[in-house]
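The values are calculated or read from the model by the stated rules, or taken from the named source; none is laboratory data. What you see is a predicted model, and the numbers here were worked out from it, not measured in a lab. Heads up, the Cβs are rebuilt from the backbone with ideal geometry, glycines too, and the neighbour counts pull from every protein chain shown. Note: accessible area is taken over every heavy atom of the protein model, side chains too, but ligands, DNA and RNA are not part of it. Shrake-Rupley method; radii C 1.70, N 1.55, O 1.52, S 1.80 Å.
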Amino acid sequence: MPFDYAPAPESRAIVDIKASYGLFIGGEFTDATDGTPFKTISPSSEEVLAEVSEAGPSDVDRAVKAARRAYTGVWGRLAPAERGKYLYRIARIVQERARELAVLESLDNGKPIRESRDVDVPTAAAHFFYYAGWADKLDYAGLGPAPRPLGVAGQIIPWNFPLLMLSWKIAPALAAGNTVVLKPAETTPLTALLFAEICQQADLPPGVVNIVTGAGETGRALVEHPDVDKVAFTGSTEVGRAIARAIAGTPKKATLELGGKAANIVFDDAPIDQAVEGIVNGIFFNQGHVCCAGSRLLVQENVYDEVLDSLRRRLGTLRLGDPLDKNTDIGAINSAAQLARIRELSDVGESEGAQRWSPPCELPEHGFWFPPTLFTGAGQSSRIAQEEIFGPVLTVLTFRTPEEAVAKANNTPYGLSAGVWTEKGSRILWMAGRLRAGVVWANTFNRFDPTSPFGGYKESGFGREGGRQGLAAYLTRGGPGA
Ligand code: NAD
């Protein structure tokens, strides 16, 4: 029997969205001098939410100069424990304004409020709390005594976890004593601009955090600015490559967090019901717009029918629709361009001979939507088994032995994450040692914790964010006289 839910929408009255936003430079909102403003829309309704400034090269230059002044001035002279206090203050304000941030994130990104409220915003606050504690303990970061900050960090983030990616970037950079210029993605700038207000509320010294909005050209101007000491990028492998080329031969340091095509591996001794929940969380969380999504399911052949039957049943219960409804499991696709890419790759899947399946699912009339989708019968080398779709699409493959599971899991240009479902601890360790992935989850998936380093192998990029390792990306060894 289908189960009818009454709608339970979260009120958007808590958020005050302005008609237009400037850039956040030197502690103040200011008009852009040389870009063309653009609109940010709600992907679930296509409603225009606000007009946002585009930062051109001279605006980026102003922001970098403000960050440099703050670095050589007040922030550089502050005692480390005092830096920590600012981070604690930001963390507390993020918690206090959590509902506002969650509603704004769901409006601008399209993700279900259940996720922005329960995952994105609390995890963002947790990053600020965690790195606040490190600010006066950098001698223990693993770089010897008195490690030094790098200077001004240029940080570029994607649209899938706008506030969370901001916190992954800004919290360790500030704790280590750097100042930052951050560019949010062009489709999701609003929580970064609200975060700018939070910096004002926390009395953060002007110029320590600067936010420049815009698209790829703004990002490029930031990467190529001669006074940026460190580039921290999260986004696609293609843009990551362009950035690596742009800074090659310069003294700039870089961390690149790029795409993924993770294997979620289910052995025949796994608790199947839990594994099915993990498979669903692995690929349908955040509409599959997750770099570490478990987008390739590897099922041991003798439990294939059982797993697929349970999975299809479970997918039939997922609720797709209004991101602000607290019952919603699957929200909107972030943009028309991303929807077109998901459609295109799914069509390729069919044309390559794989079988496509989705539960009965009514899609809303306006906005960008894609139903949860499974592909079975795909070849190892097919595009849907190799390329990142970045949407709610799961490619199901099978294996017989652990060796075969490892070989198939590693058969991808990426290496960001993997999941292993089995009752045997020894098998988890055996697999974890052989999987070429930065993170291996055991009997769970998509768990994020500020204390745990995250990052990739191969085309998933280099450098680690999170944990002590995440600090090393913003520090250099202390030299004589440091
Ligand atoms: P994208 O690479 O198109 O854009 C990412 C950011 O880079 C945006 O802010 C964009 O404006 C900017 N940008 C674009 N061109 C640029 C250029 N030439 N120079 C500098 N900046 C430029 O990626 P996207 O579509 O926004 O995000 C999806 C991708 O991000 C996926 O591939 C996903 O796997 C990846 N991602 C990785 C992680 C991770 O931690 N490894 C986390 C989240 C997302």
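For segment 264-269, the Karplus equation 6.51 cos²θ - 1.76 cosθ + 1.60, evaluated at θ = phi - 60°, returns couplings of 10, 10, 10, 8, 5, 8 Hz by residue, with Gly and Pro reported as x. Report the FRET efficiency, 1/(1 + (r/R0)^6), for Ala242 and Asp4, where r is their Cβ-Cβ distance and R0 is 45 Å, rounded to 0.05. Efficiency for this residue pair is about 0.35.
Amide H contacts of Ala185: Ile157, each under 5 Å away and 5 or more positions distant or on a separate chain (H built 1.01 Å from N in the peptide plane; Pro and chain starts excluded). The residues packed around Asn302, meaning those with a beta-carbon under 12 Å from its beta-carbon, carry a net charge of -4 if Lys and Arg are +1 and Asp and Glu are -1. When every Cα-Cα distance of the chain is counted in 10 angstrom steps from zero, the calculated P(r) takes the values 4, 21, 30, 26, 14, 5, 0, 0 percent.
If you wrap the Cα atoms of segment 125-174 in a convex hull and average its projected area over all directions, you get 3.9 nm².
Electrostatic tally near Lys424: other residues with Cβ closer than 14 Å to its Cβ, Lys and Arg +1, Asp and Glu -1, net -2.
The length gained on full extension between Asp449 and Gln201, counted as 0.36 nm times the residue separation minus their Cα-Cα distance, comes to 86.7 nm.
When each of the peptides 166-176, 132-142, 13-23 is scored by how many other beta carbons lie within 10 Å of its residues on average, the order from highest to lowest is 166-176, 132-142, 13-23. Whole-Hz Karplus values for segment 283-296 come out as 10, 9, 4, 6, 6, x, 7, 9, 4, 9, 4, x, 7, 10 Hz, taken residue by residue from phi with 6.51 cos²θ - 1.76 cosθ + 1.60 and θ = phi - 60°; glycine and proline positions read x. Taking amide H positions as modeled 1.01 Å from N, with prolines and chain starts lacking one, the residues under 5 Å from Ile265 and 5 or more places away or on another chain are Leu298, Gly419, Val420, Trp421. Among the aspartates and glutamates, select those whose C-alpha is under 17 Å from the C-alpha of Lys326, and discard any that sit fewer than 8 residues away in the same chain. Within reach: Asp4, Glu10, Glu100, Glu105, Asp108, Glu115, Asp118, Asp120.
Length gained on full extension, Thr33 to Ile14, computed as 0.36 nm times the residue gap minus the Cα-Cα distance: 3.7 nm. May I ask you to evaluate 6.51 cos²θ - 1.76 cosθ + 1.60, the Karplus curve with θ = phi - 60°, for each residue of segment 151-156 and list the ³J(HN,Hα) values in order in whole Hz, giving x for glycine and proline? So the Karplus estimates, Gly and Pro as x, are x, 9, 9, x, 10, 10 Hz.
What does the charge count near Pro226 come to, summing +1 for each Lys or Arg and -1 for each Asp or Glu among other residues with Cβ under 14 Å from its Cβ? Kindly include the intermediate steps, with their values, before the conclusion.
Numbers: positive: Lys65, Arg68, Arg220, Lys230, Lys252; negative: Asp61, Glu224, Asp227, Asp229.
Net charge around Pro226: +1.
Taking a ≥ b ≥ c as the square roots of the eigenvalues of the Cα gyration tensor, an a/c ratio of 1.5 or more together with a/b no larger than b/c marks segment 143-250 as oblate.
Taking N as the number of residues in segment 387-482, what is its alpha-carbon radius of gyration divided by 2.2 N^0.38 Å?
Working: Rg = 16.4 Å, N = 96, 2.2 N^0.38 = 12.5 Å.
Normalised Rg, Cα atoms only: 1.32.
Here is the tail figure for segment 227-294: Cα pairs spaced more than 21 Å apart come to 46 percent of all pairs. Each part reduced to its alpha carbon centroid, segment 409-442 and segment 124-167 end up 27 Å apart. Only helices enter the 222 nm calculation for the chain: every DSSP H run of n ≥ 4 contributes -39,500 (n - 2.57), and dividing by all residues gives -11000 deg cm²/dmol, rounded to 500.
Name the lysines eligible as straight-distance cross-link partners of Lys137: C-alpha to C-alpha under 23 Å, and not fewer than 8 places from it in the same chain. Leaving aside lysines fewer than 8 places away in the same chain, those within reach of Lys137 are Lys85, Lys169, Lys230, Lys253. Can you spot the lysines whose alpha carbon is less than 20 Å from Lys261's alpha carbon? Ignore those fewer than 8 places along the same chain. Once the sequence-local lysines are set aside, what remains near Lys261 is Lys408, Lys458. Ellipsoid semi-axes for segment 263-450, based on the Cα gyration tensor and the rule √(5λ), read 26, 18, 16 Å when sorted largest first. Accessible surface area normalised per residue over the chain is 39 Å², counting heavy atoms of protein chains with a 1.4 Å rolling probe. Each of the peptides 31-44, 318-331 was scored by the mean count of other Cβ atoms within 10 Å over its residues; in descending order, highest first, they stand as 318-331, 31-44. Site pair Lys137 and Glu423 shows an inter-label distance of 3.9 nm when each label is modelled 7 Å from Cα along Cα→Cβ.
Using modelled amide H (1.01 Å from N, peptide plane; none on Pro or chain starts), what sits under 5 Å from the amide H of Gly151, excluding residues fewer than 5 places away? Counting only residues 5 or more places away or on other chains, the set is Thr179. Rounded if a/c is under 1.5, else prolate if a/b beats b/c, else oblate: with a ≥ b ≥ c from the C-alpha gyration tensor eigenvalues square-rooted, which is segment 49-155? It comes out oblate by the Cα gyration axes.
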